[in-house]
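Everything on this sheet refers to the single structure shown next.
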Amino acid sequence: AATDQTCPIKRQRPWAQSTLAFVALLYMIMSFIIHNAGADMKAVHDKIEGPFAIEEDLALYGMVTGGATLRRGVKLILHGTIAGDLTLEPGARAIIHGTVAGRICNEGGRAEIFGFVDGVEDLSPDAVTVIDTAAHVRGRR
């Protein structure tokens with residue numbers, strides 16, 4: 001008589017399928033956020049003569065030869081260089097991955113510093129300045 005052998009069936013863990021679905025959904029959401037975060041942001045790779053008033057959301061990969069002022073409600077992501085001071089008006093937001101050769105004068109905006117800055121001066125109680133542990137900031141008042 002032939003022996004009827006069956007392969008043992010591996011039992012699925014009940015949480016594995018739902019965890020995999022959750023991870024896939026999280027990945028899709030994060031991809032959407034990352035790809036659309038700067039959708040309306042203008043990217044500039046040029047050299048700009050300062051002083052320069054930043055009046056629209058901007059990703060700057062180039063250089064401003066003098067100082068710059070970030071207007072109310074405007075967002076700047078700096079990967080390049082500002083050769084002078086950067087002034088943040090109330091409600092402005094600057095994310096610094098590049099270099100500000102002068103000071104950041106925060107009049108009530110939000111500055112997030114990950115790169116190189118000569119100094120930071122919070123000029124208002126509403127000013128928020130976050131300095132990453134890997135950032136290089138020479139002076140702060």
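Restricting segment 119-130 to residues that are free of Cβ contacts under 8 Å to residues at least 24 places away in the same chain and buried (at least 17 other Cβ atoms within 10 Å of the Cβ), the residue that is farthest from the chain's Cα centre (by Cα) is ASP122. Within segment 107-141, if we keep just the residues that are outside any strand (DSSP E or B) and of a type in the set (A, V, I, L, M), the residue that is farthest from THR69 (Cα to Cα) turns out to be ALA134. Taken as a whole, the condition of being closer than 20 Å to VAL44 by Cβ, modelled with pLDDT under 95, in contact with a Lys or Arg (Cβ under 6 Å, 6 or more places away or on another chain) and open to solvent by less than 40 Å² (accessible area, probe 1.4 Å) applies to LEU58. With respect to the conditions (1) within 21 Å of LEU123 (Cβ to Cβ); (2) assigned to a strand (DSSP E or B), GLY91 falls short on a single one, namely (2).
Consider segment 37-55 and keep the residues that are modelled with pLDDT under 85 and within 20 Å of GLY91 (Cβ to Cβ). The one that is most open to solvent (accessible area, probe 1.4 Å) is ASP40. The criterion of being open to solvent by less than 60 Å² (accessible area, probe 1.4 Å), touching an Asp or Glu at 6+ places or on another chain (Cβ under 8 Å), in a strand (DSSP E or B) and more than 23 Å from ASP40 (Cβ to Cβ) holds for ILE104. For segment 63-73, enumerate the residues that are open to solvent by 10 Å² or more (accessible area, probe 1.4 Å) and either touching a residue at least 40 places away in the same chain (Cβ under 8 Å) or not hydroxyl-bearing (Ser, Thr, Tyr) (or both). MET63, GLY66, GLY67, ARG71, ARG72, GLY73, listed by residue number.
The values are calculated or read from the model by the stated rules, or taken from the named source; none is laboratory data. Here the structure is a predicted model, which is why all the values come from computation and not from measurement. Because the Cβ atoms are built from the backbone with ideal geometry, glycine has one as well, and the counts that use them run over all protein chains shown. Side chains included, ligands, DNA and RNA excluded: accessible areas come from the protein's heavy atoms. Shrake-Rupley method; radii C 1.70, N 1.55, O 1.52, S 1.80 Å.
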